[in-house]
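Take a look at the structure below.
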Amino acid sequence: MRLSRYFLPVLKEAPSDAQIASHQLMLRAGMIRQEAAGIYAWLPLGLRVLNKIEQIVREEMDRAGAIELLMPTLQLADLWRESGRYDAYGPEMLRITDRHERELLYGPTNEEMVTEIFRGSVRSYKDLPKNLYHVQWKFRDERRPRFGVMRGREFLMKDAYSFDLDAEGARKSYNRMFVAYLNLFSRMGLKAVPMRADTGPIGGDLSHEFIVLAETGESAVFCHKDLVEMAAPGPDVEWYGDLQPLVDQRTALYAATEEMHDEAAFDAIPEGDRLSARGIEVGHIFSFGTKYSEPMKALVMGPDGKEVPVQMGSYGVGVSRLLGAIIEASHDDGGIIWPESVAPYHVGIVNMRQGDAACDAACDEAYKALQAAGVDVLYDDTDARGGAKFATMDLIGLPWQLIVGPKGVAEGVVELKNRKTGERVSEPLDAVLARLTGKAA
Ligand SMILES: Nc1ncnc2c1ncn2[C@@H]1O[C@H](COP(=O)(O)OP(=O)(O)O)[C@@H](O)[C@H]1O
Ligand SMILES: [Mg+2]
């Protein structure tokens, strides 16, 4: 993409109501624009990151055996009356009436709908286990929408729902999601710690929140230090084998959110290993048995010929919130530092003297070569000053900057800067392109 043809409305200064770094940087980098309290338009640069995060989530869900579908944003109130949640949900639910005076709502979550879909076609234990998920916009009329995409009213969530015949099967489904979550957050460069959590309005008895530690986090959390550095299991696990040891390895160490905090258990950890911090909830998994299947009559036939309500769990990831969490974890005074896996573009080309024949030619060559090699590249071909171009590149946080200036070009070299380390090398263009495309020069 050529910047001169792109839409990247960067701001010199963040609006004063943006309180935390990620919110300020997303606004300044032209990634989002507020359209109403807690409701954002995703501008082109922000959308690219959102799509990359969504894709990682999707790949890890698929790997763990979940199946993607797409449920609508609008739901019938009557469906929620079946579970008893229509009245229980309160003012966070956006209630809508259509032209036929039919009551609808903008879905804050999808337990009822997916249960309805399931009961419409699954009858036998032979069809289990199943895990259905979608990535869909949610609306919750939060009392205090704040911190940009962190606590929005409209936000993108991945929500998965598992169905099993019995508690043992449900536990295995829960463990699959537990392990998939460790992997998916790790692929985004995040250290997300699973912590015992309250089940809240979803209900049920087994629940973990996945928390990224950050000073600006909304939750107070308490855990054993070792959990933060524990590596993710990686993709090569036996997804339908015994995942319990992987889960136990983590749940054996103390980790709890404020609501579930047990002071005595925490104090039993050696003092040097105690971590009392703040965190951002990026995922939340629940196992809730028959809470919905029983009132909604989602029954399956067991091998003994008896019908029982299906055992369920639900598993959410805050896809849009993750942009904020990643930026909180990875930025400096100059701006965002994207991990390669979610960066909107891999390389930014900075033409220090647009209009200079030699600089333009070198930039064009680099731009074409990178595109041909399938590398996502943003070419700053505007006539802004070099200093302003550097500031924009640092702000938007692409992992690599390829800098082409008249002096270097005359000597036959360009510069390659790593955004994260700040390291720069001066090399012939061929060598730099080889580095960026992973090919030998
Ligand atoms: N208002 C919001 N804005 C952005 N992301 C949200 C919001 N509410 C929830 N999420 C994300 O969706 C995930 C699943 O939501 P859930 O646990 O049901 O919500 P809550 O924790 O608010 O009860 C959360 O872990 C979080 O990452
Ligand atoms: Mg939650």
task: Could you please find all residues in the range 29-46 being surrounded by 17 or more Cβ atoms within 10 Å (Cβ to Cβ) and in a strand (DSSP E or B)?
output: ILE32, GLN34, TYR40, TRP42
message: Any residue in the range 85-107 that is at positive phi sitting within a Cβ distance under 9 Å of a residue that is surrounded by 11 or more Cβ atoms within 10 Å (Cβ to Cβ)? List the pairs, counting only those 6 or more apart or interchain.
response: GLY90/PRO201
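Among the listed residues GLY438, GLY374, GLY422, which satisfies the condition of being modelled with pLDDT under 95, surrounded by fewer than 19 Cβ atoms within 10 Å (Cβ to Cβ) and on the phi > 0 side of the Ramachandran plot?
Working: GLY374 fails: modelled with pLDDT under 95; GLY422 fails: modelled with pLDDT under 95.
Exactly one residue qualifies, and that residue is GLY438.
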message: If GLY412 satisfies all but one of (1) within 32 Å of the chain's Cα centre (by Cα); (2) at positive phi; (3) surrounded by fewer than 19 Cβ atoms within 10 Å (Cβ to Cβ), what's the number of the condition it fails?
response: (1)
query: Say we look at the range 5-20 and pick out the residues that are closer than 29 Å to ASP383 by Cα and surrounded by 12 or more Cβ atoms within 10 Å (Cβ to Cβ); which of these is modelled with the lowest pLDDT?
result: ALA14
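Can you pull out every residue in the range 151-168 that is in a strand (DSSP E or B) and basic (Lys, Arg)?
Restricting attention to the range 151-168, the residues satisfying the condition of being in a strand (DSSP E or B) are 151, 154-164.
ARG151, LYS158 - these are the residues of the range 151-168 that are in a strand (DSSP E or B) and basic (Lys, Arg).
Can you find even one residue in the range 273-287 that is part of a loop (DSSP other than H, G, I, E, B), away from ligand 1 (no atom under 11 Å from the Cβ) and farther than 25 Å from ALA214 by Cβ?
Residues of the range 273-287 that are part of a loop (DSSP other than H, G, I, E, B), as a first pass: none.
Scanning the range 273-287, I find no residue that is part of a loop (DSSP other than H, G, I, E, B), away from ligand 1 (no atom under 11 Å from the Cβ) and farther than 25 Å from ALA214 by Cβ, so the answer is no.
Filter the range 119-139 down to residues that are in contact (Cβ under 8 Å) with a residue 12 or more places away in the chain and not in a strand (DSSP E or B) and give me whichever is nearest to ARG58 (Cα to Cα). It would help to see each step written out before you state the result.
Taking the range 119-139 as the starting set, the residues that turn out to be in contact (Cβ under 8 Å) with a residue 12 or more places away in the chain are 119, 122-125, 127-139.
Remaining after also requiring not in a strand (DSSP E or B): 119, 122-123, 125, 127-129.
Numbers: ARG119: 25, VAL122: 24, ARG123: 27, TYR125: 26, ASP127: 22, LEU128: 21, PRO129: 19 Å.
Checked the range 119-139; the qualifying residue nearest to ARG58 (Cα to Cα) is PRO129.
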- prompt: Which numbered condition trips up PRO129, out of (1) closer than 27 Å to ASP87 by Cα; (2) away from ligand 1 (no atom under 13 Å from the Cβ); (3) not acidic (Asp, Glu)?
  reply: (1)
- prompt: For the range 62-103, how many residues are closer than 25 Å to SER341 by Cβ and either surrounded by fewer than 18 Cβ atoms within 10 Å (Cβ to Cβ) or touching a Lys or Arg at 6+ places or on another chain (Cβ under 7 Å) (or both)?
  reply: 7
- line: Those residues of the range 226-259 which are within 16 Å of ligand 2 (Cβ to nearest atom) and either buried (at least 16 other Cβ atoms within 10 Å of the Cβ) or over 26 Å from the mean Cα position of the chain (by Cα) (or both) amount to ALA255, ALA256, THR257
- line: Of the residues in the range 237-264, those that are within 21 Å of GLY169 (Cα to Cα), part of a loop (DSSP other than H, G, I, E, B) and not acidic (Asp, Glu) come to VAL237, TRP239, TYR240, GLY241, LEU243
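Any residue that is buried (at least 18 other Cβ atoms within 10 Å of the Cβ) and either in the same structural domain as MET61 (by TED's automatic domain parsing) or in contact with a helix residue (DSSP H, G or I) (Cβ under 6 Å, 6 or more places away or on another chain) (or both) - is there at least one of those in the range 262-274?
Step one: list which residues in the range 262-274 are buried (at least 18 other Cβ atoms within 10 Å of the Cβ), which gives none.
Checking the range 262-274: not a single residue is buried (at least 18 other Cβ atoms within 10 Å of the Cβ) and either in the same structural domain as MET61 (by TED's automatic domain parsing) or in contact with a helix residue (DSSP H, G or I) (Cβ under 6 Å, 6 or more places away or on another chain) (or both).
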- prompt: If the Cβ limit is 8 Å and pairs must be 6+ apart or interchain, which residue in the range 226-239 that is assigned by TED's automatic domain parsing to the domain that holds LEU182 pairs with which residue that is assigned to a helix (DSSP H, G or I) and among the aromatic types (Phe, Trp, Tyr)?
  reply: ALA232/PHE185
- prompt: Quick one: PHE163 ticks every box in (1) within 16 Å of ligand 2 (Cβ to nearest atom); (2) within 26 Å of GLU294 (Cβ to Cβ); (3) buried (at least 23 other Cβ atoms within 10 Å of the Cβ) bar one, so which box is it?
  reply: (1)
- request: Select, from THR115, THR109, the only residue that is part of a helix (DSSP H, G or I), of a type in the set (Ser, Thr, Tyr) and out of contact with any His (no Cβ under 7 Å at 6 or more places or on another chain).
  value: THR115
- line: When every residue in the range 262-305 that is within 16 Å of ligand 2 (Cβ to nearest atom) and aromatic (Phe, Trp, Tyr) is compared, the one farthest from GLY217 (Cα to Cα) is PHE288
field: Residue count for the range 290-322, restricted to those that are in contact with a helix residue (DSSP H, G or I) (Cβ under 7 Å, 6 or more places away or on another chain) and not aliphatic (A, V, I, L, M)
entry: 12
statement: The residue from PRO339, PRO309 that alone is in contact with a strand residue (DSSP E or B) (Cβ under 8 Å, 6 or more places away or on another chain), away from ligand 2 (no atom under 16 Å from the Cβ) and closer than 30 Å to PHE139 by Cβ is PRO309
field: Subset of the range 67-92 (residues that are outside any strand (DSSP E or B) and under 23 Å from the mean Cα position of the chain (by Cα))
entry: LEU69, LEU70, MET71, PRO72, THR73, GLU92
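Show me the strands (runs of 3 or more DSSP E) entirely contained within the range 333-427 in which 3 or more residues are under 28 Å from ALA21 (Cβ atoms). It would help to see each step written out before you state the result.
Working: elements: 347-351, 377-380, 400-404, 414-418, 424-427.
Output list reads 347-351, 377-380, 400-404, 414-418.
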query: Can you tell me which of VAL317, VAL310 is at pLDDT 95 or above and either within 14 Å of ligand 1 (Cβ to nearest atom) or of a type in the set (D, E, K, R) (or both)?
result: VAL317
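The values are calculated or read from the model by the stated rules, or taken from the named source; none is laboratory data. A quick note: this is a predicted structure, and the numbers were derived from the prediction, not measured. When we count neighbours, we look across all protein chains shown, and the Cβ atoms used for this are built from the backbone with ideal geometry, even at glycine.
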